[in-house]
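To keep things clear, I will list the structure first and then write my remarks on it.
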Amino acid sequence: MTVGAFFIGGRNVKPAGRRSQPVLSPATGAVIGEVALAEADEIDAAVAAAKAAQPGWAGLAACDRGAALRRLAAEIEARAQTIGAVLAAETGKSLSDATGEAVYGAEITRYHSEWARRIEGEIIPSDTPGETLLLMRAPIGVVVCLIPFNFPIYTLLRKVAPALMAGNSVVVRPSNTTPLSALALSEAIQAAGLPDGVINILTMDHAGAGRLSQAEAVGMITLTGSVSAGRAVMDYAKANIAKTSLELGGKTPVLVGPDADVADVARRLVANKTNHCGQVCTAAARVYVVDALHDALVAALTEAFRARRFADRAQEPDAMGPVASEKARAEIHAMVERAVAEGASLAAGGVMPEGPGWFYPPTLLTGCRQEMEIIREEVFGPVLAVVRVSDLDEALRLANDHQFGLSSVLFSNDHRKVMQIANSMEAGELYVNRFPADPYQGYHAGWKRSGLGGDDGKHGLLEFTQTRLVVLAP
């Protein structure tokens, strides 16, 4: 079996070590590839390559860095189907969805290239007559990008593109669950003519990720992952007092007001919750529905959840696919069983399917209470919990009574209630009468344990900069 090469210093490098890990298809459980686990000297070489490349890259005119990113976007787009085929195999997505992810990754790369002439500093009045204060934006240096398994190309480019646009170099560690698509980007990077060492990609174990993140040259670590992973990164950051940007857990509340269209809400909920088998940080997780609509919404959701098919999307592209691993499926099912033991009612799903692959049916739990684990903890799968409330004020109170604050959703056409909730929701995002889609010109950031810093837009780009105050005496 061929072991995928690392991408270090602008070259595909054959791994020197003997340690490797198979990559499995979540739809069949079959081995589809193998990746090496980087040894210490290979990790150090990647950091050294990034450190050597960064000053020259930062020294280019910003418009030249932007032009390089546009070339990269074009090369990724030209290879979208090839990259998408790899991504589909390792994630269980349909070929269409996986190819679309590659195209969307190219689009966010192109978007960030447009900031070339828009990164601004400030001129600040001084207390001294004739003196001028200049606040400049500068790159940080070497940035470590730790990528999750659910959107392995889009999330990678979501971090790499703004880091590069700001003048940094990067070392990327993809998830070991879905690493093949990240390694497949090397051809596009080379074809785009980016300077050697500006982007480096290699797979490694957790100890390797710790070594990488604590390397002396590293000035920033950006992660999308779990709360436990975020805590580990914060520990790593202590070595260099490195800057961190962390998108962590989510438990998106959906508030359904008395004037909502039940059929529309149910249709949107099912589509959202079964997208990539619920393995989306902002996917609907807990529904707070007012008394007047509760029974009708539960009935519509029950029917739709029971009707939603799951299957290998290579064979049935429109079906819901598998979760990422056997371990993930077991954890999801255990949480569902505990919810039922705590008093929740199982309206749909909640069984372990027989046969190959790590499939889990769309699962609907009703009669849930705020103190239940199924409401309090993240379930990274196709499980939706419903809570009956008296009104939107109670829904808002319960939505905010939580450790996470990543995204939130409100269905209401009462503009006064919408603005009240918009001003009071304890989350980084509120979507009104629609579900999260992370517009890349916005700012995707979490409150509470959902993270520090954020991605996307002007503010996401500026995460990858640091300031320098220049005081010009008269």
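The values are calculated or read from the model by the stated rules, or taken from the named source; none is laboratory data. A quick note: this is a predicted structure, and the numbers were derived from the prediction, not measured. All Cβ positions, glycine included, derive from the backbone under ideal geometry; neighbour counts span all protein chains shown. Keep in mind that these areas ignore ligands, DNA and RNA; they rest on the heavy atoms of the full protein, side chains included. Shrake-Rupley method; radii C 1.70, N 1.55, O 1.52, S 1.80 Å.
Here are some notes:
- Rolling a 1.4 Å probe over the protein heavy atoms leaves MET425 with an accessible area of roughly 10 Å².
- Computed over segment 190-332, the alpha-carbon pair-distance distribution with 10 angstrom bins reads 9, 26, 24, 22, 14, 4, 0, each value a whole percent.
- The 1.4 Å probe gives accessible areas that order LYS417, LYS273, largest first, as LYS417, LYS273.
- If you bin all the Cα-Cα distances of segment 120-270 at 5 Å, starting from zero, the percentages per bin are 2, 8, 15, 16, 14, 10, 8, 8, 7, 6, 3, 1, 0, 0.
- Rg over Rh [alpha-carbon atoms, Kirkwood Rh] for segment 413-460: 1.00
- Angstrom value of the Kirkwood radius, inverse mean 1/r, which spans all Cα pairs in segment 1-72: 14.8 Å
- Report summary: the helix-based calculation at 222 nm, which adds -39500 (n - 2.57) for every DSSP H run with n ≥ 4 and divides by the residues of the chain, gives -12000 deg cm²/dmol.
- Only beta bridges with both residues in the chain are counted; by DSSP, about 45 percent of them are antiparallel.
- Charge tally in the Cβ shell below 15 Å around GLU337, where Lys, Arg are +1 and Asp, Glu are -1, GLU337 excluded: -2
- Building the convex hull from the alpha-carbon atoms of segment 378-436 and averaging its projection over directions returns 4.4 nm².
- For LEU156, LEU60, LEU135, the ranking by accessible surface with the largest value first comes to LEU60, LEU135, LEU156, using a 1.4 Å probe.
- The gain in end-to-end length when the ALA78 to VAL340 segment is fully stretched comes to 89.5 nm, 0.36 nm per residue minus the alpha carbon separation.
- In the context of the full protein assembly, ILE123 retains an accessible surface of approximately 140 Å², using a probe radius of 1.4 Å and ignoring ligands and nucleic acids.
- Here the simple spin-label model places points 7 Å from the Cα toward Cβ, and for THR132 and LEU469 these points are separated by 1.8 nm.
- A crude spin-label estimate for the pair ASN12 and GLN370, with each label 7 Å from Cα along the Cβ direction, gives 5.6 nm.
- Residue (of MET419, GLY442, LEU461) at the positive-pole extreme of segment 406-470, dipole from beta-carbon charges: MET419
- Here, P(r) means the percent of Cα pairs in each 20 Å bin from 0 to the largest distance; for the chain it is 24, 53, 21, 1.
- Rh (Kirkwood; distinct C-alpha pairs) - segment 354-474, Å: 17.3 Å
- Between SER325 and LEU95, the simple label model (points 7 Å from Cα in the Cβ direction) yields a spacing of 2.9 nm.
- Convex hull volume of segment 231-311 per residue (C-alpha atoms, cubic angstrom): 123 Å³
- Based on every Cα atom in segment 137-207, Rg and the maximum pairwise Cα distance Dmax equal 11.8, 36 Å.
- Rounded to 5, percent antiparallel among DSSP beta bridges of segment 44-179: 45 percent
- Residue among PRO174, GLY121, LEU133 farthest towards the positive dipole end of segment 68-216, charges placed on Cβ: PRO174
- Segment VAL351-ASP259, length gained on full extension (0.36 nm per residue, minus Cα span): 29.7 nm
- Cβ-defined net charge surrounding SER412, 13 Å radius [Lys, Arg +1; Asp, Glu -1]: -3
- With all protein chains in place and ligands, DNA and RNA left out, the 1.4 Å accessible area ranks VAL262, VAL23 as VAL262, VAL23, largest first.
- Evaluated with a Cβ-only charge set (Lys, Arg +1; Asp, Glu -1), segment 329-468 carries a dipole of roughly 280 debye about its Cα centre, given to the nearest 20.
- Ranking ALA299, SER325, ILE241 by how far each Cα lies toward the positive end of the dipole of segment 220-342 (charges on Cβ) leaves ILE241 at the top.
- Annotation: average projected area of segment 44-152 is 9.9 square nanometres, based on the convex hull of Cα atoms across all directions.
- Other residues whose C-beta falls under 9 angstrom from the C-beta of ALA106 contribute a net charge of -2, scoring Lys and Arg +1 and Asp and Glu -1.
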